[in-house]
Every structure is written in C-alpha cells, then in structure tokens.
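Structure, as structure tokens:
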Amino acid sequence: MFGKKKEVSVSDEVRKIIADTLEIDVKEVKEESNLIADLGMESLDLVDLVVAFEEKYKVTIDDKDVKKLQTVKDIVTYIENKKEAK
C-alpha cells in the first residue's frame, strides 16, 4: 500500500506539461481543448511543447505531424501511438 507509486496517465502528464508551458491551471486543460482557440497557444509555445514531449517520452515528433496536433486529445493519442510503436 505505502511506497507504491501511482501510475500517472499520459493524458494527465500531457495536460500538466501544457499547463506548465502556458502558465495556466491544469484544470483549464481538457482533452477536447483546442491548443490555439481554447488555450491561446502561440507558435513558440508549440515549439516548447514539442521539445518537452520529445524529452519526456523519448519520441520524435515529425514536423509534418505537428500541424495535425490541434487538441490535447490529438497529442495524447499521438504520443501513445509513438510509445506503442517503440
């Protein structure tokens, strides 16, 4: 019971990284949130996020794929698929 680390989901981790990058409350970051329209993300924020995700999950996010990542759910699904492909 004690000493066991609670498994954190990819979704929770992604939401926290986004919240930290944008300096907003993690409660504002929902899976259906659009990065630009809902969260006000700018292109430099997106670059920071891509680097953070690549470092955290040891994956490479292709430039052509970045344009497809429009919602939090898109990012979670992308990272989960990349992790499974390893």
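Where a number appears in this text, it was derived from the coordinates with a stated rule and is not lab data. Note that the structure is predicted; figures quoted are calculated from it, not measured. Heads up, the Cβs are rebuilt from the backbone with ideal geometry, glycines too, and the neighbour counts pull from every protein chain shown.
Return yes or no: is L35 surrounded by fewer than 17 Cβ atoms within 10 Å (Cβ to Cβ), within 25 Å of E84 (Cα to Cα) and among the aliphatic types (A, V, I, L, M)?
Considered against the rule, which asks whether it is surrounded by fewer than 17 Cβ atoms within 10 Å (Cβ to Cβ), within 25 Å of E84 (Cα to Cα) and among the aliphatic types (A, V, I, L, M), L35 comes out as no.
Give the number of residues within segment 51-86 that are among the hydrophobic types (A, V, I, L, M, F, W, C), surrounded by fewer than 18 Cβ atoms within 10 Å (Cβ to Cβ), out of contact with any Phe, Trp or Tyr (no Cβ under 8 Å at 6 or more places or on another chain) and closer than 19 Å to D12 by Cβ.
1
So, in segment 49-74, how many residues would count as being in a helix (DSSP H, G or I) and either without any contact (Cβ under 8 Å) to a residue 12 or more places away in the chain or within 11 Å of the chain's Cα centre (by Cα) (or both)?
Of the residues in segment 49-74, 14 are in a helix (DSSP H, G or I) and either without any contact (Cβ under 8 Å) to a residue 12 or more places away in the chain or within 11 Å of the chain's Cα centre (by Cα) (or both).
I'd like the residue in segment 12-32 that is outside any loop (DSSP other than H, G, I, E, B) and basic (K, R) and, out of all such residues, is surrounded by the most Cβ atoms within 10 Å (Cβ to Cβ).
Filtering segment 12-32 for residues outside any loop (DSSP other than H, G, I, E, B) gives 12-22, 26-28.
Applying the additional criterion that residues be basic (K, R) yields 15-16, 27.
Working: R15: 21, K16: 13, K27: 8.
Across segment 12-32, the extreme among qualifying residues is R15.
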